[in-house]
Amino acid sequence: MDSATYDEERLGAAARQYRFGAQILPQGGVRFRLWAPSQAEMTVECRGTTQAMRSRVGGWHECVIDDARAGDRYVFVLPDGRRLPDPASRFQPEEVHGASEVVDTAAFQWQVDWRGRRWEEVVLYELHVGTFTSRGTFDAAIDRLDHLAGLGVTAVEIMPVADFPGRRNWGYDGVYLYAPDASYGRPEDLQRLVDAAHARGIAVLLDVVYNHFGPEGNYLPALAPRFFTERHRTPWGAAINFDDVGAREVREFFIENALYWLREFRLDGLRLDAVHAIIDDSSTHILEDIAQRARAAIGDRPVHLLLENEHNEARRLERVADAPPPLFTAQWNDDVHHVLHVAATGEGNGYYSEYLRNTRLLGRALAEGFAWQGEVLRFTGRARGEPSARLPPTAFVSFIQNHDQVGNRACGERLESLAAPEAIRAVAAVYLLAPQVPMLFMGEEWGAREPFLFFCDFQGELADAVRNGRRSEFSRFPEFSDPAARERIPDPLDEQTFLASKLRWEESSLPPHAERLRWYRRLLAVRRERIVPLLPSIPRGGTFQVIHDDAVFVSWRCTDGRCLRLSANLGDRTVEFPYDSGRVLWHEGPAPSETALARWSVRWTLAAARR
């Protein structure tokens, strides 16, 4: 059968799920389909032959090649002879400029009948595949899953894996959003990682980037200029077209991408990067479309959809009583990171200046979620945030380290290099037992000291631009005002920068790292046994009281009348707190008196319901 006699019914139900990308047909052969409204004619080259594609309504081109099969490589050929990969390629074995490969994701033999994890049970662990292990592959990551399960981790959040230029990247420069990068392994290797994680009771979430494409290897402008719009501008140039002419197909491209990861890889959720940079003036925002379609398509197991959103829009996290979140499950809570980081380190540069010596923000972020709920920040001159106290604590993901907060420092220092051990233990005891959902950054659990640096693998002028831009970015910081100091910032293009960021697992069993690891395990065991059972009964944010500089008392009331309480002294002097008769769940720091807490001390209690 050729494109002239193409029959939609021949696709089968599985292939009809996706409009974009090469689809294997049930009876054999492959359907190739491409949205290229700027091109009147297109051909596909596969198995040594070139076949004309049939033009269809709306700028689509398609054909069926009967003897094509999984593993075949193909390119699309423009009338001017240019040979381009498939923008919806499922695998790019020859890098971003090479041929695409036909992939049969349905061929993988899943071993685990996985029903998912309740969100209240989740302890997240963020990892970057390339630096998580020495080999930096999906298969190598499987070897560390037992460590995570033993630690008390119940979900991993993998930094973006969409195919990017070069051999190393954080993942936010992806250009083939459906294709796991070949440096990490093949698509079936990622499926095997997910299956192995599920076998250990660990859910898997993937970080996805829907706000821009990377600067190299994106051929969409040649095929579909309407994929982008000058109606809006972003830090990366013209915005992705979610609300202009031709937006219907663009929106579907991203919706299908979310469904593809959730269906074909059995992922438990997605973290949507920097949604504040997604501009959409449609009556239904693309974020809502993605969330609604994903929840409708994956109805038989929990789907956890997380946001990174600088605007702190509480309305995207709304709940309905006794029902799963209708849109988004939770948001990364930078405010909790900032208040705890400033408390532990005393840093006040840049945006940290807003949080320094402001204990009210510490209490508010812990109790209510967002520290800023509509107030104007001096650092930006703009209002930030929306009221969030009505939301349950589980609408927020808290952390003291992540790839951004470590890697966006000039030298990639982890908290271990910036704060005293007693300060780190205190802030960790706060966030790991708080009713917000905690997220560890890989290696944090044993106090890893190696940096997590910014790295990439561009070439030529683009490489020079990234290198110079990185150093220029830090010129406004006093410690890098001297050009000689900026020259000491690690070169993101140097392979050694990437290698220096790899975890050194052998250190986890050596002192003092081994003791830190045991301590994290004990804390997470207390969370599992004492805190997690309370979370479904904490329907909204808590209340807080500023006791002294860097000292707060926070409480969350359960629907059965019990009260979870935190007394936190994140300062250098002993502080008197209100008497707390509750049962002590955890005490960190020097032995307390009945009411006083010594420096860097944290106490968690659970008070019984009043009669």
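Counting pairs of alpha carbon atoms under 8 Å apart in space and at least six apart in sequence, what relative contact order in percent does the chain give? It would help to have the intermediate numbers written out before the result.
Numbers: 1301 pairs, mean separation 62.6, N = 611.
It rounds to 10 percent for the chain.
Between 0 and 90 degrees, rounded to the nearest ten: what's the tilt of helix 286-297 against the longest Cα principal axis of the chain?
Computed tilt is about 80 degrees.
Which of C563, C46 has the fewest other C-beta atoms within 10 Å, and how do the rest follow up to the most?
Working: C563 20, C46 23.
Fewest-to-most ranking of C563, C46: C563, C46.
Check which residues have an amide H placed less than 5 Å from Y176's amide H, if you skip close sequence neighbours.
D163
Among DSSP beta bridges lying fully in the chain, give the percent that are antiparallel, nearest 5. Each step should come with its number before you reach the end.
Values: 57 of 82 bridges.
Among the beta bridges of the chain, antiparallel pairing accounts for roughly 70 percent.
Where Lys and Arg each count +1 and Asp and Glu each count -1, what net charge lies around W372 among other residues with Cβ under 14 Å from its Cβ?
On the way: positive: R360, R364, R378, R382, R384; negative: E310, E313, D334, D335, E354, E368, E375, E386.
Spelling it out: positives minus negatives among the neighbours equals -3.
Using square roots of five times the C-alpha gyration tensor eigenvalues, list the equivalent-ellipsoid semi-axes of segment 69-179 in whole Å, biggest first. Intermediate results must be reported in sequence, preceding the final value.
Numbers: eigenvalues 213, 57, 32 Å².
So the equivalent ellipsoid measures 33, 17, 13 Å along its semi-axes.
Could you calculate the FRET efficiency of A40 with E94 from 1/(1 + (r/R0)^6), where r is the beta carbon distance between them and R0 is 25 Å, rounded to 0.05?
Working: r = 28 Å, r/R0 = 1.12.
Given R0 = 25 Å and the Cβ-Cβ separation, E is 0.35.
Averaging sequence separations of C-alpha pairs under 8 Å and six or more residues apart, then dividing by the length of segment 140-297, give the relative contact order as a whole percent. Working shown, then result.
Working: 226 pairs, mean separation 35.5, N = 158.
So the answer I get is 22 percent.
Could you pull out the trypsin sites (Lys or Arg not before Pro) across segment 349-428 that fall in loop regions by DSSP (anything but H, G, I, E, B) with no more than 13 other Cβ atoms inside 10 Å?
Those that pass, being in a loop and sparsely packed, are R357, R378, R382.
So what's Rg/Rh here for segment 407-519, counting alpha carbon atoms and using the Kirkwood radius for Rh? Before the final figure, lay out the partial values.
Numbers: Rg = 16.8 Å, Rh = 16.0 Å.
Radius of gyration over Kirkwood radius for segment 407-519 works out to 1.05.
FRET efficiency for H276 and Y352, Cβ-Cβ distance as r, R0 = 22 Å, nearest 0.05? Walk me through the numbers on the way to the answer.
On the way: r = 19 Å, r/R0 = 0.89.
Step by step, r from the Cβ atoms, then E = 0.65.
Enumerate the residues in segment 265-280 having an amide nitrogen under 15 Å from the point lying 7 Å beyond the Cα of Q109 toward its Cβ.
No residues fall inside that zone.
Could you work out how far the C-alpha centroid of segment 217-285 sits from that of segment 143-196, in angstrom?
Measuring centre to centre over Cα atoms gives 21 Å.
Counting other beta carbons within 10 Å of each Cβ, put S183, S472 in order, fewest first. Before the final figure, lay out the partial values.
Values: S183 18, S472 11.
By the 10 Å Cβ count, ascending: S472, S183.
Report the full-extension gain for the segment L462 to A70: residue separation times 0.36 nm, less the Cα-Cα distance, to one decimal in nm.
Working: separation 392, 0.36 × 392 = 141.12 nm, distance 3.45 nm.
Net length gain for the segment: 137.7 nm.
Let me have the 222 nm mean residue ellipticity of the chain computed from DSSP H runs of 4+ only, each contributing -39500 (n - 2.57), with the sum over all residues rounded to the nearest 500.
Estimated from H runs of four or more residues: -7000 deg cm²/dmol.
Could you state the orientation-averaged shadow area of the convex hull built on the Cα atoms of the chain, in nm² to one decimal?
On the way: hull surface 112.1 nm².
Projected area, direction-averaged: 28.0 nm².
Taking neighbour Cβ counts within 10 Å as the exposure measure, how do R251, R518, R271, R470 sort from fewest upward? Could the numbers behind the result be given before it?
Details: R251 21, R518 12, R271 26, R470 18.
Ordered from fewest to most neighbouring Cβ atoms within 10 Å, R251, R518, R271, R470 come out as R518, R470, R251, R271.
Note down the relative contact order for segment 223-316 as a percent, whole number, built from C-alpha pairs under 8 angstrom at least six residues apart.
Details: 101 pairs, mean separation 26.2, N = 94.
Relative contact order here is 28 percent.
Between rounded, prolate and oblate, where does segment 99-144 land on the alpha carbon gyration tensor, with a ≥ b ≥ c its root eigenvalues, rounded for a/c under 1.5, else prolate if a/b exceeds b/c?
oblate
Indicate the gyration tensor shape class of segment 254-330 (rounded, prolate or oblate), computed on the Cα atoms with a ≥ b ≥ c the square roots of the eigenvalues: a/c under 1.5 is rounded; otherwise a/b larger than b/c is prolate and the rest oblate.
Oblate.
If you place +1 on the Cβ of every Lys and Arg and -1 on the Cβ of every Asp and Glu, how big does the dipole about the Cα centre of the chain come out, in debye to the nearest 20? Before the final figure, lay out the partial values.
Working: 73 positive and 87 negative charges, 399 e Å.
Here the chain has a charge dipole of around 1920 debye.
Sort all Cα-Cα distances of segment 538-607 into consecutive 10 angstrom bins from zero, then give the percent of pairs in each bin up to the one containing the longest distance.
All Cα pairs, binned at 10 Å, distribute as 22, 54, 21, 3 percent.
All of the numbers you see were taken from the coordinates with simple rules; none came from a lab. Quick caveat, the model's predicted, so the values are computed rather than measured. Cβ sites come from the backbone with ideal geometry, for glycine too, and all protein chains shown count toward neighbours.
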